[in-house]
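The values are calculated or read from the model by the stated rules, or taken from the named source; none is laboratory data. Just so you know, these numbers come straight off a predicted model, no measurement behind them. With ideal geometry, Cβ positions are generated from the backbone for all residues, glycine too; neighbour counts draw on all protein chains shown.
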Amino acid sequence: MPRVWTECITLRLAALRLSYLLFLGHRGFPDFRSLYVDEYRDRLFVGGKDALYSLWLDQPSMDAKEVTPNLSAPKEECFQKGKDPMTECANYVRALHPFNRTHLLACGTGAFHPVCAFIDVGHRGEVRQRPGTAGLSPNGRGKCPHEPNRAFASTFTGGELYTGLTADFLGRDSVIFRSMGSRSSLRTEMDQRLLNDPKFVAAYLIPDNGDRDNDKVYFFFTEKAVESDGKGRAIFSRVGRICVNDAGGQRVLVNKWSTFNKARLVCSVPGPDGIDTYFDELEDIFLLRTKDGKSPEIYALFSTISNVFQGFAICVYRMADIWEVFNGPFAHKDGPDHQWAAYEGKVPYPRPGVVSERGGGCYGSTKDYPDEVLHFARAHPLMYRPVYPLHRRPVLVKTNLQHRLRQIVVDRVDAEDGQYDVMFLGTDGGSVLKVIALQKGNFAAAEEVILEELQVFKVPPYCLPACSHLLPQQMLYVGSQVGVAQVKLHQCETYGTACAECCLARDPYCAWDGISCARYQASSKRRFRRQDIRTGNPVHQCLDQNLTVDDFDSAEEKVVYGTEHNSTFLECVPKSPQATVQWFLQRPNDERRDEVRRPSPHDSPPPVCLLCQSTLPPYPARCPLPIAKSLQSNEQSPPCPSS
């Protein structure tokens, strides 16, 4: 039989929000692999197994249109090559990119024979299929991986597709490709100094400065480290980049990248013995763009590769720090018996990795570069200095989780006392964690606040935000192999109507407006707006509320009936994961608070449930407990068990 104690008991809330708008496909198991949010048409395009769907952004389960591109997959040939006919010999749509205002580029595995097509989506969401238009070959090699589960990253800009993938059937030719467009295709050489068994995670076009001729595409990946030097086959995370205007060389590096450079991404936690714990396995990247489009911040989700413990960390990188590393010294090694060091010789001009009038001088193209420059670029792809995160430590560290963290989405939210980056973390258990990290003054550690845990699927999700600042309804779209779910970024009404409940939630999206917990609006001038993200202190924020133990007029009241000599379950569930629970029985004219061991008809006032957070003063909820006399009232009842 349960007992009620006077000390605070931390509650582990179950996953919240079990109601979502879902789309599960039209033909059984959809096995979704790619998503693209088209705000221009208010559509969500979802690529899966042998199908492409166009969904309405506001109501994904309604007005769903299935597109069946003419991407014929040679399934018989795939089966004859020893592949699984059920899980591999199909066309999995892995890449979706906007080609222009009327067409969408879709590329799929094609049963181990990659194929691509343009999809005519029109101007109002009318979806028609028009394969092979604008001179596009149905051959998708170099544009999409052969396998449905092979790591892959791509971005489309300026009419050209940039991909990081394994381009052959056996999965051995790891390459960064540029294809389509009017220029000749480019790729990396087959050289372990450039790419050594990489796992590509993300690719973005990020302008370096106002010089558009110097735009670069950045690739984020993990690979076997060539600089580990006898320390085993270490895995390092990398950021690599290539110039958009790279044309390759004339005699050296013909049709090969001449501007490829890479640097290590470091995400580590200092240990008490001076030895850092490194998180070297890059899981996911989210590019948090600024309003002016310059200097975006990069959120990176890492995991450990240690067999001792399972840990995850989130590090934030500034583009200014990345640019500084790429403008710094190159890594150099004189021979197999030498150590890696910073190159101290003369770097040829133009500096490798730069294509612009400012950096290239009188050279109009990389084809005009001296052979000396191209030979140096081929021999020195690695930068000597690594890229360190903001404050040189993670903003969030999680260890010994039940499920692995797989993906990250970040939304920057305006609150009463500043801006907060709300992180949505997808797990391989199908749940999404909504978390904020509050930095302390010395940046030595951050306070982690888990706002919600959303159980969306029972299988690993693929998360994608819908540019929440531009859409009238802020949504998170979560895709998986079994379907797509639309989840609100916030649901302030679940925190109730009490000022204290709303403040304890510490949700940057929500504030108490004098009536209820509602969406915070920066432009709102409501007099009663209350919000406290940093401390979540309802006493300081809700000054007009009587938050003392002696005054329960504003307390939420629940009537629970009990029988004498029987146990009674008193439930008091806080609406916020940040709140904890205390139970007290305080008698008239008595300052003591007693443990509620056995209900009695003479108990007055009734037991009180106090909700508190950490050491903050609590606020009450009242639980009247009428006691019905037992028919055998003279019979002695045994005391409650101790546990």
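Yes/no matrix, rows are residues, columns are (1) without any contact (Cβ under 8 Å) to a residue 60 or more places away in the chain; (2) in contact with a Phe, Trp or Tyr (Cβ under 6 Å, 6 or more places away or on another chain):
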| position | (1), (2) |
| --- | --- |
| Thr155 | no, yes |
| Leu161 | no, no |
| Ser174 | yes, no |
| Pro198 | yes, yes |
| Val201 | no, yes |
| Leu205 | yes, no |
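State all residues of the stretch 373-402 that are closer than 18 Å to Ala437 by Cβ and touching a residue at least 40 places away in the same chain (Cβ under 8 Å); if no residue qualifies, say none.
Tyr388, Pro389, Leu390, His391, Arg393, Pro394, Val395, Leu396, Val397, Lys398, Thr399, Leu401
The selection criterion, being under 30 Å from the mean Cα position of the chain (by Cα) and in a loop (DSSP other than H, G, I, E, B), does not hold for Leu205. Residue selection: Arg406 fails the criterion of being crowded, with 18+ Cβ neighbours inside 10 Å, charged (D, E, K, R) and part of a helix (DSSP H, G or I).
Here Ser237 passes the criteria (1) touching a Cys at 6+ places or on another chain (Cβ under 9 Å); (2) surrounded by fewer than 23 Cβ atoms within 10 Å (Cβ to Cβ); (3) farther than 21 Å from Tyr369 by Cα except the one numbered (2).
Here's a check for you: in the stretch 252-288, which residue that is closer than 23 Å to Ala377 by Cα and outside any loop (DSSP other than H, G, I, E, B) is nearest to the chain's Cα centre (by Cα)?
Ranking the qualifying residues of the stretch 252-288, first place goes to Leu265.
Checking His391 against (1) modelled with pLDDT under 95; (2) more than 27 Å from Cys315 (Cβ to Cβ); (3) surrounded by fewer than 15 Cβ atoms within 10 Å (Cβ to Cβ), which test does it fail? Of (1) modelled with pLDDT under 95; (2) more than 27 Å from Cys315 (Cβ to Cβ); (3) surrounded by fewer than 15 Cβ atoms within 10 Å (Cβ to Cβ), only one is false for His391: (2). Taken over the stretch 411-420, the criterion of being surrounded by 19 or more Cβ atoms within 10 Å (Cβ to Cβ) and of a type outside the set (Ser, Thr, Tyr) is satisfied by Asp411, Val413, Ala415.
Scanning the stretch 27-65 for residues that are assigned to a loop (DSSP other than H, G, I, E, B) and of a type in the set (D, E, K, R) gives Arg27, Asp31, Arg33, Glu39, Arg41, Asp42, Asp50, Asp58, Asp63. The residue of the stretch 267-288 that is farthest from Asp197 (Cα to Cα), among those that are out of contact with any Ser or Thr (no Cβ under 8 Å at 6 or more places or on another chain) and surrounded by 19 or more Cβ atoms within 10 Å (Cβ to Cβ), is Phe286. Candidates are the residues of the stretch 77-106 that are within 17 Å of Leu44 (Cα to Cα) and without any contact (Cβ under 8 Å) to a residue 40 or more places away in the chain; the one that is surrounded by the most Cβ atoms within 10 Å (Cβ to Cβ) is His103. When residues in the stretch 493-537 are screened for being hydrophobic (A, V, I, L, M, F, W, C), at pLDDT 90 or above and touching an Asp or Glu at 6+ places or on another chain (Cβ under 8 Å), 4 of them pass. Condition check: at pLDDT 90 or above and either closer than 15 Å to Val409 by Cβ or over 20 Å from the mean Cα position of the chain (by Cα) (or both). Does Ala485 satisfy that? Taking the combined requirement at face value, the residue does not satisfy it. Contact annotation: residue pairs with Cβ atoms under 6 Å, 6 or more positions apart or on different chains, pairing a residue in the stretch 287-304 that is under 17 Å from Ala203 (Cα atoms) with a partner that is among the charged types (D, E, K, R) and in a strand (DSSP E or B), are Leu288/Glu297; Leu301/Glu283; Leu301/Asp284.
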